[in-house]
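Chemist: Structure provided below as structure tokens; questions to follow.
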Amino acid sequence: KPALSYLAMNADQAGEQILSGIYDLEAGRYRWMSERAVLLLKRPGARCRVEVELYIPPQSPARQVTVFVDDRLVAGRTFPAPGAYTLTSEPLTVPSESPALAISVDQTFSAPGDQRRLGIILTGAGFKPVD
């Protein structure tokens, strides 16, 4: 059962709440994701927004990022260039007890000598309370 509603990629519980598509922690704070990443999160207590903190490195061709909660599209954006971004959804209510948060990118690449399919870098993702 997931412990956190928002998962920083360096959280102690990250390994237990990452279901697929996210690689090992690097530099003690971020993780690369592949074409589709899935996290299992704790249901937030009230209305919330989905927030995804991401970085598109210069070598990544990914520009379009979409976010789903339990297979329902909640956010999507096409980014103009590499850089650090926060993708945020409109306010929503999460009905399921342990919602699955899926993040997808439109393109991946492989670095020389690295077999992984790389999309973007994640530093955190999950639910944040609506102010």
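Only the coordinates and a few stated rules stand behind these numbers; no lab work does. All values derive from a computational prediction rather than experimental measurement. Neighbour counts run over all protein chains shown; Cβ positions are idealised from the backbone, glycine included.
Chemist: Provide the per-residue ³J(HN,Hα) series for region 89-100, in order, calculated from phi with Karplus coefficients 6.51, -1.76, 1.60 and θ = phi - 60°, each as a whole number of Hz, with x at glycine and proline positions.
Modeler: 8, 5, x, 8, 10, 9, x, 7, 5, 10, x, 9
Chemist: Let's see if you can work this out: charge +1 on each Lys and Arg Cβ, -1 on each Asp and Glu Cβ, no other charges. What is the dipole magnitude of the chain about its Cα centre, in debye to the nearest 20?
Modeler: On the way: 14 positive and 14 negative charges, 31 e Å.
For the chain, the charge dipole is close to 140 debye.
Chemist: Calculated FRET efficiency, SER110 and GLU90, Cβ-Cβ r, R0 35 Å, to nearest 0.05?
Modeler: Computed FRET efficiency for SER110 and GLU90 comes out at 0.50.
Chemist: If I build a Gaussian network model for the chain, linking alpha-carbon pairs within less than 10 angstrom, which residue out of LEU54, LEU101, LEU19 has the largest mean-square fluctuation?
Modeler: Looking only at LEU54, LEU101, LEU19, the largest GNM fluctuation is found for LEU19.
Chemist: Sticking with this structure for a sec: Roughly how many whole Å is it from the C-alpha centroid of region 87-131 to that of region 19-33?
Modeler: 11
Chemist: Starting from one equal scatterer on each C-alpha and no solvent at all, send me the Debye-based log10 I(q)/I(0) for the chain at q = 0.11 Å⁻¹, two decimals.
Modeler: Values returned for q = 0.11 Å⁻¹ are -0.34.
Chemist: Could you derive backbone 3J(HN,Hα) for region 66-79 from the dihedral phi with the Karplus parameters 6.51, -1.76 and 1.60 (θ = phi - 60°), listing whole Hz in sequence and x where the residue is Gly or Pro?
Modeler: Residue by residue, region 66-79 yields 10, 10, 10, 10, 6, 6, 9, 5, 10, 7, x, 7, 9, 8 Hz.
Chemist: Mind listing the long-range amide H neighbours of TYR6? Cut-off is under 5 Å, sequence gap 5 or more, other chains count too, H placed in the peptide plane at 1.01 Å from N.
Modeler: PHE127
Chemist: Okay, next question. Where is the GNM fluctuation largest for the chain (alpha-carbon springs, 10 angstrom cutoff): GLY45, GLY113, GLY83?
Modeler: Of the options given, GLY113 has the highest mean-square fluctuation.
Chemist: Now a separate question. About its Cα centre, how strong a charge dipole does region 1-52 have in debye, to the nearest 20, once Lys and Arg get +1 and Asp and Glu get -1 at the Cβ? Don't skip to the end; give the middle numbers.
Modeler: Working: 8 positive and 6 negative charges, 75 e Å.
Once rounded to the nearest 20, the dipole reads 360 debye.
Chemist: Note the direction-averaged projected area, equal to a quarter of the hull surface, for the Cα convex hull of region 1-51, in nm².
Modeler: Details: hull surface 15.1 nm².
Approximately 3.8 nm², given one-decimal rounding.
Chemist: Taking the chain as a Gaussian network, Cα atoms linked when under 10 Å apart, which of THR108, THR88, THR78 shows the biggest mean-square fluctuation?
Modeler: Between THR108, THR88, THR78, it is THR78 that shows the largest mean-square fluctuation.
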